[in-house]
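Data block below; observations after.
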Amino acid sequence: MFSVYFFEYSIIGCFADRIGNKVAAKYPERADEFGIKEYYVILNNCYQIGVFISRSSLQFFKIRRVYILSIFQCINFVFLFLNTQFLFVDSLYVLCPLLIWVGFMGGASYVNVMHSLLEHKTLKKNEKEAALALSLMFNDSGVLLSAIFSLVMDNTLFKS
């Protein structure tokens, strides 16, 4: 969960915001258009839609190999990091589905890890509680590290 949440919150907290700023700078003549003015808000809502859908999906399917979600989220991270730097994709028609996908990865990781821990047959109740607490600590650590990463990136590489 650490890696998925680090990648996810870096994407939404840093990359989506910087991409929105770069798009606004690239198209100053369209600055008053809703799609340009609210670029980050649109991407953030797409991400939230993905999280909502995937956290609601457990009754339909379960993912046992949760590490696969980390791999997909890493690919999303690398692609959006490069896009933030070079802005080769600025279309909401491409980025909105991608941010929904990012939300899918985070929400699916969260709900499947929690479910796996709670339904684990060989763990005692106190061991499940400890595992849940540890898992959530790693989750929060990923979010914290992504905030630090975002601050560093905003003040160095993505500084405009």
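A few notes on this one:
- The range 70-96: number of residues that are outside any loop (DSSP other than H, G, I, E, B) and within 18 Å of R18 (Cα to Cα): 16
- Against the conditions (1) open to solvent by less than 100 Å² (accessible area, probe 1.4 Å); (2) free of Cβ contacts under 8 Å to residues at least 12 places away in the same chain; (3) more than 30 Å from R18 (Cβ to Cβ); (4) part of a helix (DSSP H, G or I), I148 satisfies every one except (3).
- Matching entry among F138, F158 (being among the aromatic types (F, W, Y), closer than 26 Å to S54 by Cβ and in contact (Cβ under 8 Å) with a residue 40 or more places away in the chain): F138
- Meets criteria (within 30 Å of A25 (Cβ to Cβ) and either in contact (Cβ under 8 Å) with a residue 24 or more places away in the chain or open to solvent by 90 Å² or more (accessible area, probe 1.4 Å) (or both)) for V94: no
- Filtered by the rule that a residue be exposed (fewer than 13 other Cβ atoms within 10 Å of the Cβ), at pLDDT below 95 and assigned to a helix (DSSP H, G or I), the range 97-128 gives L118, E119, K125, N126, E127.
- Subset of the range 135-145 (residues that are under 16 Å from the mean Cα position of the chain (by Cα) and open to solvent by less than 40 Å² (accessible area, probe 1.4 Å)): N139, G142
- Count - residues of the range 15-69 that are open to solvent by 80 Å² or more (accessible area, probe 1.4 Å) and assigned to a loop (DSSP other than H, G, I, E, B): 8
- The range 17-32 residues that are more than 16 Å from L82 (Cβ to Cβ), paired with ones that are charged (D, E, K, R) and not in a loop (DSSP other than H, G, I, E, B) (beta carbon under 8 Å, 6 or more apart): A24/K37; A31/K37
The values are calculated or read from the model by the stated rules, or taken from the named source; none is laboratory data. Small disclaimer: the values here were computed from a predicted structure and weren't measured. Because the Cβ atoms are built from the backbone with ideal geometry, glycine has one as well, and the counts that use them run over all protein chains shown. Quick note on the areas: whole protein, heavy atoms, side chains included, nothing else; ligands and nucleic acids left out. Shrake-Rupley method; radii C 1.70, N 1.55, O 1.52, S 1.80 Å.
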